[in-house]
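Colleague: After the structure tokens below, expect a handful of questions from me.
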Amino acid sequence: MVGAAEEIQLNRLESQVEHGGGGAWEYLCLVRKLKVRRSEKVLKYGLAILKDPKKRSKLGGEEWTLYEQVSLAAMDCQRLDVAKECINTLQKKFPSSLRVGRLEGMFLEAKGSWADAEKAYSRLLEENPLDQAIHKRKIAMAKAQGNVSSAIELLNKYLETFMADHEAWRELAELYVSLQMYKQAAFCYEELILCQPTIPLYHLAYADVLYTLGGLENLQAAKKYYASTIDLTGGKNVRALYGVCLCSVAINQLSKGRNKEEKDSPDLHSLAAKALVKDYKQRAPTKVSLLTTTLQNMKLLS
Amino acid sequence: MKATVLVGLFGCVLLAHAAYATIQYRGVLKILEEEFSGPPMNVVVELLVGLGLCTWAALTVPGTFLSILPDSEENRLVSLPTNVDFMIFNHRGRVFPYKIDT
């Protein structure tokens, strides 16, 4: 999870490393801890450390972690030569390791030889049929080949065994959204909210899906979830603020025909609109007029 | 502040005394050659009172509880981590291999 303070620290370290201020290893550690994907930078600075024997020996046992991180980054940047070197070093150090075996499979994936990668993973699964990471690689491979429906099938099978894996639920939700199967995606997000109720981004994603589905009930639920996102982020999530505004406009339009006098919180959308204006004034003063005219058109701001 | 510390200390003394009383009681039982079935009533009461006092002092001495704010700078989540386990390499980076000037 990437918190606000951690993100600031990461960006500060990144610019520090970029301008030659040192701290490359701390940066790489933070990238690993926060699980962010900054492959180019990791490759550049990680390789610099690995090429310098003095710096490398200073890391001690962490050296191998760095090899793994750099090889993954190299695959992501299509520098297969670098990746191969790293994997060979790891292979020499840990000849029968499952983790290195997975890296080799991923190398085959990056090369595009799907059949070989499939074979490698099947062999690893024979030895250790309950290895979650390798099951996930197989799913990712199906996705990489553009075969989303079979990826979904595999993922559903995987989730029958490992139900508590929230990352897999998230992946499934994203796959369903990419296929526009919003009802199924909504189910996945419900699962995620149950799993980790304090993460506002799941509330936000669920609200997005509900809003896309449309219909009065879904819109009302979406508004509630946008509101809970605002609650959990202290009103600092602009998307949730916009969500509340759009939901209340849509609800008004839908309930106009039926003439229903059901207004649970009449102030919510005007408050959200005011918060938006305030936020824009602080961070993007040039766009304020654009925002106010848009909100006035939606009759949220007088 | 000081009074609560004293109350906590008093609770600790009570607990220690309860332990001492139990040892004494067992010694007496050994002399009378009777079986030890449980601590006497006054020791049990002493234990409960001591426990209550210690717990109360431990909760009051360090100060009041602070609430965990989900929207504070440290706790507020701004982005989810990349789903590293499902990372795929079949993206546009494939066409533009990264060049390192070494």
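No value in this document is a laboratory result; all are computed from the given coordinates. Since the structure is predicted, the reported quantities are computational estimates derived from the model, not experimental observations. Note: ideal-geometry Cβ built from the backbone for every residue, glycine included; neighbour counts use all protein chains shown.
Colleague: Rounding to the nearest 20 debye, state how big the charge dipole of chain A is about its Cα centre with +1 on each Lys and Arg Cβ and -1 on each Asp and Glu Cβ.
Modeller: Rounded to the nearest 20 debye, it is 860 debye.
Colleague: Could you check the spin-label model distance between A:Ser57 and A:Thr293? Points 7 Å from the Cα along Cα→Cβ, value in nm.
Modeller: Roughly 6.7 nm, to one decimal.
Colleague: Rank A:Val288, A:Leu108, B:Leu47 by how far each Cα sits towards the positive end of the charge dipole of the protein assembly as shown (+1 on Lys, Arg Cβ; -1 on Asp, Glu Cβ) and give me just the farthest.
Modeller: A:Val288
Colleague: Percentage of Cα-Cα pair distances in segment A:190-302 greater than 24 Å, rounded to whole percent?
Modeller: The answer is 26 percent, as a whole percent.
Colleague: Determine the shielding of peptide B:89-96 by partner chains: average, over its residues, the number of Cβ atoms on other chains within 10 angstrom of each Cβ.
Modeller: Partner-chain Cβ atoms within 10 Å, mean over residues of B:89-96: 5.
Colleague: In degrees between 0 and 90, to the nearest 10, how far off the longest principal axis of chain B does helix B:41-60 point, with axes built from Cα atoms?
Modeller: Orientation of helix B:41-60: about 30 degrees from the principal axis.
Colleague: A further question on this structure: Using only alpha carbons, build the gyration tensor for chain B and give me the equivalent ellipsoid semi-axes, biggest first, whole Å.
Modeller: They are 64, 23, 12 Å, listed largest first.
Colleague: Next question. Which whole number gives the average count of other chain Cβ atoms within 10 Å of the Cβ atoms across peptide A:168-178?
Modeller: Taking all residues of A:168-178 together, the mean is 1.
Colleague: If Lys and Arg each add +1 and Asp and Glu each add -1, what is the summed charge of the other residues whose beta carbon sits under 15 Å from the beta carbon of B:Asp85?
Modeller: Taking every Cβ under 15 Å from that of B:Asp85, the sum is +2.
Colleague: Give the long-range amide H neighbours of A:Val2: residues separated by 5 or more places, or on another chain, with amide H under 5 Å away, using H modelled in the peptide plane at 1.01 Å from N.
Modeller: Hits under the 5 Å cutoff: B:Val78, B:Ser79.
Colleague: Expressed as a fraction of 2.2 N^0.38 Å, the rule-of-thumb size for a compact globular protein of N residues, what is the C-alpha radius of gyration of segment A:1-121?
Modeller: Ratio of Rg to 2.2 N^0.38 Å for segment A:1-121: 1.11.
Colleague: Per residue of A:228-235, count partner chain C-beta atoms within 10 Å of its C-beta, then hand back the mean as an integer.
Modeller: 3
Colleague: Further question: Bin width 5 Å, alpha-carbon pairs only: give the P(r) of segment A:65-129 as whole percents, running from 0 to the bin holding the largest distance.
Modeller: Result, from short to long distances: 4, 20, 30, 24, 18, 4, 0 percent.
Colleague: Also, quick follow-up: Which semi-axes, in whole Å and largest first, does the equivalent ellipsoid of segment A:45-180 have when worked out from the alpha carbon gyration tensor as the square roots of 5 times its eigenvalues?
Modeller: Square roots of five times the eigenvalues give 30, 16, 15 Å.
Colleague: Over 28 Å between Cα atoms, which of A:Lys41/A:Lys84; A:Lys223/A:Lys287; A:Lys55/A:Lys111; A:Lys35/A:Lys58; A:Lys35/A:Lys223; A:Lys138/A:Lys183 qualify?
Modeller: A:Lys55/A:Lys111; A:Lys35/A:Lys223
Colleague: Rank B:Phe36, B:Val95, B:Leu9 by how far each Cα sits towards the positive end of the charge dipole of chain B (+1 on Lys, Arg Cβ; -1 on Asp, Glu Cβ) and give me just the farthest.
Modeller: B:Val95
Colleague: Calculate the tail of P(r) for the protein assembly as shown: the fraction of all Cα-Cα distances greater than 30 Å, expressed in %.
Modeller: 62
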